[in-house]
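Take a look at the structure set out below.
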Amino acid sequence: MSHPATPDDLAAPAATGTVLQVSPLLPALEKTLAERHRTVRLHELPDPAAYLRERAGDVVAAVTSARFGVANSLMGALPRLGAIVHFGVGYETTDVVHARARGIDVSNTPDVLNDCVADLAVGGLIDVMRELSAADRYVRAGRWGAAPYPLTSRVSGKRVGILGLGRIGRAVARRLEGFGTDIAYCSRVPVADVPYRHIPTAWELAAGCDAVVVTVAGGPGTRGLVSAEVLDALGPRGFLVNVARGSVVDEPALVAAVREGRIAGAALDVFADEPNVPRALLESDRVLLLPHVASGTHETRQAMADLVLDNVRRFMAEGVLLTPVP
Ligand code: 8YV
């Protein structure tokens, strides 16, 4: 949240220079960033290449979103760049290894979005199992009078698998405990101090569950983790929820599984090529389609914006980031 300058704000900055805004951000965040720091919005410049030719040496920090990241070529063009600050918990769009090799630190906005993303994952699970959106369409289409709505799948007491038990996965699990579900999870190594069953592979997780909720981080390490085989293991009575990244699911395989009824349904907040959604999914009543809105509440986006500003402030004042990526 924007606040008046304090003596801390006015302390001599460790990094004097320009903050380069690489992608569009929330208007209020853009405004505060520009009020507090010398900021250049690269994507709004008529000739970004000319700016980089002439002023690249001014830039000490870059602010971007999880969607856009910072390309290696841009890092290469900014000789004094010391920090990349992401709006969003995901940062797979920035090559962190490459950044570190150039002495550039990277931050994201962890934790502040856990609750909203988990709320939406559970909401999506209930929607797709109880067919809330489909039943709503049924009423609106005037079909209620003709025939009662078909029966749906019970949520409470079901076996739910969580793919990736990080901060968001745990928040999902905590909520699902309230539904008396039997919770298992799949992660590379077992997580200490959780009462849930660890399952070593995504295939085994899917095979033993009624629904799988994907919360694992995106990036090359998880690309296609939910494969055709995993979807078949989930089976015609199984549901998929994805609030992570579209890349984690083999989307053509998912489309085929939905079309052929080889899974019961899916709640999807993320897609392989956003904002493009495969036609077969648009035409299916078995899927809930959301436009990447899991963190999209006033409260959470404000908290994410605040954390971006705090990271920039800390870097400009002390040369270190507040929430560096692990
Ligand atoms: C945002 C997200 O929609 O945090 C993330 O990684 O995917 C979402 O919270 C995204 O950051 C906006 O770019």
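The values are calculated or read from the model by the stated rules, or taken from the named source; none is laboratory data. If you're wondering where the values come from, they're calculated on a predicted model, not measured in any experiment. Here the Cβ is made from the backbone with ideal geometry for all residues, glycine too, and neighbour counts use every protein chain on show.
Values for this structure:
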{"read-out": "Among the candidates VAL212, VAL191, residue that is in contact with a Phe, Trp or Tyr (Cβ under 8 Å, 6 or more places away or on another chain), more than 20 Å from LEU254 (Cβ to Cβ) and not in a helix (DSSP H, G or I)", "value": "VAL191"}
{"read-out": "Among residues of segment 29-65, those that are small (Gly, Ala, Ser) and in contact with a Phe, Trp or Tyr (Cβ under 6 Å, 6 or more places away or on another chain), counted", "value": "2"}
{"read-out": "Residue under evaluation ASP111, criteria (1) farther than 20 Å from VAL293 by Cβ; (2) within 16 Å of the ligand (Cβ to nearest atom); (3) among the charged types (D, E, K, R), criterion not met", "value": "(1)"}
{"read-out": "Helices (runs of 4 or more DSSP H) enclosed by segment 7-94 - at least 3 residues per element that are at pLDDT 95 or above and either touching a Ser or Thr at 6+ places or on another chain (Cβ under 7 Å) or within 16 Å of the ligand (Cβ to nearest atom) (or both)", "value": "27-36"}
{"read-out": "Residue check, VAL226 modelled with pLDDT of 95 or more, buried (at least 24 other Cβ atoms within 10 Å of the Cβ) and in contact with a Ser or Thr (Cβ under 7 Å, 6 or more places away or on another chain)", "value": "no"}
{"read-out": "Test result for ALA217, without any contact (Cβ under 8 Å) to a residue 60 or more places away in the chain and assigned by TED's automatic domain parsing to the domain that holds GLU260", "value": "no"}
{"read-out": "Residue satisfying condition, being free of Cβ contacts under 8 Å to residues at least 24 places away in the same chain, touching a helix residue (DSSP H, G or I) at 6+ places or on another chain (Cβ under 7 Å) and under 27 Å from THR109 (Cβ atoms), within set LEU225, LEU289, LEU240", "value": "LEU289"}
{"read-out": "Residue tally, condition in contact with a strand residue (DSSP E or B) (Cβ under 8 Å, 6 or more places away or on another chain) and under 30 Å from HIS37 (Cα atoms), over segment 262-306", "value": "2"}
{"read-out": "Enumeration of residues in segment 256-283 that are of a type in the set (A, V, I, L, M) and within 17 Å of ARG223 (Cβ to Cβ)", "value": "LEU268, VAL270, ALA272"}
{"read-out": "Candidate set: segment 284-302, residues that are among the β-branched types (Val, Ile, Thr) and surrounded by fewer than 21 Cβ atoms within 10 Å (Cβ to Cβ); chosen: the one farthest from the ligand (Cβ to nearest atom)", "value": "THR297"}
{"read-out": "From the options ASP119, ASP127, residue that is touching a strand residue (DSSP E or B) at 6+ places or on another chain (Cβ under 7 Å), of a type in the set (Asp, Glu), assigned by TED's automatic domain parsing to the domain that holds ALA217 and within 24 Å of ARG245 (Cβ to Cβ)", "value": "ASP127"}
{"read-out": "Pair list, Cβ under 7 Å, 6 or more apart: segment 98-114 residue over 22 Å from VAL59 (Cα atoms) and part of a loop (DSSP other than H, G, I, E, B), other residue more than 10 Å from the ligand (Cβ to nearest atom) and at pLDDT 95 or above", "value": "PRO110/ARG167; PRO110/THR323; ASP111/ARG167; VAL112/ALA303; VAL112/LEU307"}
{"read-out": "Residue count, segment 267-296 (criterion: among the polar types (S, T, N, Q) and within 20 Å of ARG245 (Cβ to Cβ))", "value": "2"}
{"read-out": "Count of segment 95-108 residues which are among the β-branched types (Val, Ile, Thr) and either more than 16 Å from the ligand (Cβ to nearest atom) or modelled with pLDDT under 95 (or both)", "value": "2"}
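Let's see how each residue does on (1) crowded, with 17+ Cβ neighbours inside 10 Å; (2) within 15 Å of the ligand (Cβ to nearest atom); (3) of a type in the set (Asp, Glu); (4) modelled with pLDDT of 95 or more:
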position	(1), (2), (3), (4)
LEU240	yes, no, no, yes
LEU254	yes, no, no, yes
VAL258	yes, no, no, yes
VAL270	yes, yes, no, yes
VAL277	yes, no, no, yes
LEU282	no, no, no, yes
MET304	yes, yes, no, yes
